[in-house]
Amino acid sequence: MKSKGSKPSKQNRPGNFNDAPPHDLEAERNVLGAMIVDPSFIDSVVSMLRVDDFYADANGRLYRHFVEMRNEYRTADDLTLLLDRLRKSNEIEAVGGKSYISMIMEIPLACHAVHYAKIVAEKSQLRQLQVAVSSALEESRSHGATPSQVRQLLENAIGELDHQESVKLIDAHQFAMDGLAGLEKKHIPPIPTGFPKLDKILSGGFRQKNQVLLAARTRVGKTTGAVNLIRNICFQNRMPTILFSCEMTRQEIFNRALADIANVPHDRLLQPEYRSKQDLQRIVETAPIIAESPFFIDDRPGIGLSAIRATIQSAVKKHGIRVVFVDHASLVNPELPSPTAAKRDEMTAVCVELKRLAREFDIVLVLLAQVNRAGAQSPSGAKTIDDKKIRSLRPALENLKESGSLEENADVVILFHRPELLFPDEEAEQLGIVGKAEWIVAKNRQGKSGVVPMCFEGDFLRFTEEEATYPELQPMVADTTQEHQPVAAGCDNDDTEFTA
């Protein structure tokens with residue numbers, strides 16, 4: 001016969017398992033008994049257990065009343081008050097009556113309350129995993145879920161358990177001691193972006209565990225900016241890096257990186273008949289710089305969150321990955337169970353999971369996203385444009401598509417801005433803004449915000465800081481025979497090479 005108080009609660013009944021779910025009724029009774037016999041253990045137990053952690057419905061009900069009594073009356077050992085509450089809520093029979101309450105008070109040692117609470121918590125976690133497996137199996141059978149969706153359900157369940165285990169209230173003393181110890185630990189420097197003015201605003205560069213959002217309107221150059229950063233971080237400084245390219249193929253990414261580093265115009269790179277001998281020499285000498293770098297690319301379109309997680313987890317262990325780029329947010333498959341989920345919900349799922357990955361694997365997660373065009377209204381027929389007007393045309397955080405989830409989860413937000421795209425070509429040239437660009441640090445949890453004046457060199461698909469010498473990977477003799485290579489107006493052409 002089952003003992004009183006052994007009926008499982010609804011939350012603790014996983015389907016598709018014939019055997020009884022993991023539980024320990026004796027441990028549950030001993031926890032409750034200890035709370036009555038020695039109320040000094042109540043705070044310790046409450047910090048470890050929830051009502052749903054109890055397998056037996058009667059035990060969960062009693063625990064809920066103990067917690068409420070402790071909160072309302074600062075005590076849980078008043079049996080008269082407990083019985084009065086049970087009668088008023090018509091639960092006296094549901095918890096097994098007075099006889100069951102008397103039984104749980106007959107515990108061996110109340111000082112073992114924390115030990116019993118750990119057992120109850122562990123059994124609860126095992127039941128939650130069973131529920132997750134059962135739900136995943138049901139999804140695959142009844143709703144035709146894909147393997148990646150089933151895997152995502154299981155990973156979400158495991159992630160939630162990890163979160164529950166990590167939740168711990170730290171008192172002021174421990175907070176201070178941990179903080180002082182952290183100051184004495186070896187300092188992990190930020191990862192320089194290779195753009196000195198940007199690094200100055202970011203207090204040295206990108207920081208591990210952070211999610212960095214690169215956002216821009218269509219055609220401004222999100223991917224170009226990302227490839228430029230990869231050039232500096234990975235190809236130049238040899239920092240192991242992954243790019244998940246959901247929009248462009250690996251060939252397109254290679255072409256962009258090669259045009260930039262080899263200093264060969266992108267259109268000539270794509271048309272062999274127009275390449276000069278010097279172009280070919282630069283291409284041959286530059287390719288090894290890319291080939292020998294710790295760079296990895298995954299260009300599967302519509303890649304899912306579970307695949308991204310698995311790839312990062314493996315690459316961190318095998319290659320020591322430090323930086324991950326994802327291009328871009330709206331093209332990642334959130335793998336939500338509901339195929340009709342709202343776009344905002346999808347974006348939130350992507351942002352939250354990628355932020356979690358940044359923290360879990362101690363990496364910098366750089367996410368690309370699109371800025372809403374509604375924020376781009378150019379003044380028609382403008383004859384001149386001053387700095388104040390340029391500032392009014394800048395994108396802002398509120399222009400981010402689904403900005404609630406994008407901005408909230410980002411530690412750093414950098415908005416790319418090219419005002420020339422807001423005007424017809426002739427007007428932009430008359431206004432002197434062709435080739436002008438800005439990288440706007442609109443959000444920075446670790447420091448200040450600011451604007452970095454940039455130049456956009458469209459021929460080579462690259463951004464450079466204004467009045468900054470372009471960095472070289474290796475020195476190369478300048479080509480004096482090659483035909484003129486147009487450089488976007490508004491940028492200083494100091495003929496510095498960035499080649500092998």
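Looking only at residues that are small (G, A, S) and modelled with pLDDT under 75 in the range 181-196, which one is nearest to P453 (Cα to Cα)? Let's see the steps before the verdict.
Pass one, the range 181-196, residues small (G, A, S): 181-182, 194.
Among the residues that remain, those that are also modelled with pLDDT under 75 are: 181-182.
Working: A181: 39, G182: 36 Å.
Checking each candidate, the answer is G182.
Quick check on the range 237-253. Is at least one of its residues buried (at least 19 other Cβ atoms within 10 Å of the Cβ), within 13 Å of F463 (Cα to Cα), touching a residue at least 60 places away in the same chain (Cβ under 8 Å) and in the same structural domain as F416 (by TED's automatic domain parsing)?
no
Quick one: which of R322, R300, R356, R344 is touching a residue at least 24 places away in the same chain (Cβ under 8 Å), buried (at least 20 other Cβ atoms within 10 Å of the Cβ) and out of contact with any strand residue (DSSP E or B) (no Cβ under 6 Å at 6 or more places or on another chain)?
Details: R300 fails: buried (at least 20 other Cβ atoms within 10 Å of the Cβ); R356 fails: buried (at least 20 other Cβ atoms within 10 Å of the Cβ); R344 fails: buried (at least 20 other Cβ atoms within 10 Å of the Cβ).
Sole residue among the options that is touching a residue at least 24 places away in the same chain (Cβ under 8 Å), buried (at least 20 other Cβ atoms within 10 Å of the Cβ) and out of contact with any strand residue (DSSP E or B) (no Cβ under 6 Å at 6 or more places or on another chain): R322.
Name the single residue that is surrounded by the fewest Cβ atoms within 10 Å (Cβ to Cβ) among those in the range 92-123 being of a type in the set (V, I, T) and in contact (Cβ under 8 Å) with a residue 12 or more places away in the chain.
Filtering the range 92-123 down to residues of a type in the set (V, I, T) leaves 92, 95, 101, 104, 107, 114, 119-120.
Add one more test, that the residue is in contact (Cβ under 8 Å) with a residue 12 or more places away in the chain, and what stays is 95, 101, 104, 107, 114, 119-120.
Numbers: V95: 25, I101: 21, I104: 24, I107: 21, V114: 14, I119: 17, V120: 25.
Step by step, filter the range 92-123, then rank; the result is V114.
Being of a type outside the set (V, I, T), modelled with pLDDT of 95 or more and surrounded by fewer than 20 Cβ atoms within 10 Å (Cβ to Cβ) narrows it down to one of D199, D178, D162, so name that one. Before you say what the answer is, go through the steps one by one.
Details: D178 fails: modelled with pLDDT of 95 or more; D162 fails: modelled with pLDDT of 95 or more.
Result: D199 is the single residue among D199, D178, D162 that is of a type outside the set (V, I, T), modelled with pLDDT of 95 or more and surrounded by fewer than 20 Cβ atoms within 10 Å (Cβ to Cβ).
Quickly run through the range 267-280 and pick out the residues that are over 41 Å from the mean Cα position of the chain (by Cα) and in contact (Cβ under 8 Å) with a residue 24 or more places away in the chain.
S276, Q278, listed by residue number.
Among I283, I230, I261, which is among the β-branched types (V, I, T) and within 25 Å of the chain's Cα centre (by Cα)?
Values: I283 fails: within 25 Å of the chain's Cα centre (by Cα); I261 fails: within 25 Å of the chain's Cα centre (by Cα).
Result: I230 is the single residue among I283, I230, I261 that is among the β-branched types (V, I, T) and within 25 Å of the chain's Cα centre (by Cα).
What are the residues in the range 278-300 that are in contact with a Cys (Cβ under 6 Å, 6 or more places away or on another chain) and not hydrophobic (A, V, I, L, M, F, W, C), if any? I'd like the intermediate steps shown before the answer.
So in the range 278-300, the residues in contact with a Cys (Cβ under 6 Å, 6 or more places away or on another chain) come out as 293, 295.
Listed by number, the list holds a single entry, S293.
Among the residues that make up the range 29-38, is at least one of them in contact with a strand residue (DSSP E or B) (Cβ under 9 Å, 6 or more places away or on another chain), part of a helix (DSSP H, G or I), modelled with pLDDT of 90 or more and assigned by TED's automatic domain parsing to the domain that holds K98? Step through it out loud before you land on a result.
Step one: list which residues in the range 29-38 are in contact with a strand residue (DSSP E or B) (Cβ under 9 Å, 6 or more places away or on another chain), which gives 29.
From the residues that got through so far, the ones that are part of a helix (DSSP H, G or I) too are 29.
With modelled with pLDDT of 90 or more added as a condition, the list becomes 29.
Still in the list and also assigned by TED's automatic domain parsing to the domain that holds K98: 29.
Yes, the conditions are met somewhere in the range 29-38.
Within the range 202-224, how many residues are in a helix (DSSP H, G or I) and either surrounded by 24 or more Cβ atoms within 10 Å (Cβ to Cβ) or of a type in the set (K, R) (or both)?
Taking the range 202-224 and keeping what is in a helix (DSSP H, G or I), we get 222-224.
From what is left, the residues that are either surrounded by 24 or more Cβ atoms within 10 Å (Cβ to Cβ) or of a type in the set (K, R) (or both) are 222.
Residues meeting the conditions: 1.
Quick one: is S330 surrounded by fewer than 20 Cβ atoms within 10 Å (Cβ to Cβ), closer than 25 Å to F416 by Cβ and at pLDDT 80 or above? Before the answer, list the steps.
Numbers: surrounded by fewer than 20 Cβ atoms within 10 Å (Cβ to Cβ): yes; closer than 25 Å to F416 by Cβ: yes; at pLDDT 80 or above: yes.
Judged against the criteria, S330 is a match.
Which one is surrounded by the fewest Cβ atoms within 10 Å (Cβ to Cβ) among residues in the range 45-68 that are farther than 19 Å from E93 by Cα and aliphatic (A, V, I, L, M)?
Among those that are farther than 19 Å from E93 by Cα and aliphatic (A, V, I, L, M), it is M48.
Of the residues that make up the range 82-91, is at least one within 24 Å of H23 (Cβ to Cβ), touching a residue at least 60 places away in the same chain (Cβ under 8 Å), of a type outside the set (A, V, I, L, M) and out of contact with any Pro (no Cβ under 9 Å at 6 or more places or on another chain)?
Filtering the range 82-91 for residues within 24 Å of H23 (Cβ to Cβ) gives 82, 86, 91.
Narrowing further to those that are touching a residue at least 60 places away in the same chain (Cβ under 8 Å): none.
No, the range 82-91 has no match at all.
Please tell me if F416 is under 32 Å from the mean Cα position of the chain (by Cα), farther than 12 Å from A216 by Cβ, crowded, with 22+ Cβ neighbours inside 10 Å and in the same structural domain as V220 (by TED's automatic domain parsing). If you could, list the steps in order and put the result at the bottom.
Values: under 32 Å from the mean Cα position of the chain (by Cα): yes; farther than 12 Å from A216 by Cβ: no; crowded, with 22+ Cβ neighbours inside 10 Å: yes; in the same structural domain as V220 (by TED's automatic domain parsing): yes.
When the stated conditions are applied, F416 does not pass them.
Evaluate the following for K200: is it basic (K, R), touching a residue at least 60 places away in the same chain (Cβ under 8 Å) and assigned by TED's automatic domain parsing to the domain that holds F361?
no
The values are calculated or read from the model by the stated rules, or taken from the named source; none is laboratory data. The structure presented is a predicted model; accordingly, all values stated were derived computationally and were not measured. Ideal geometry is used to build each Cβ from the backbone, glycine not excepted, and the neighbour counts take in all protein chains shown.
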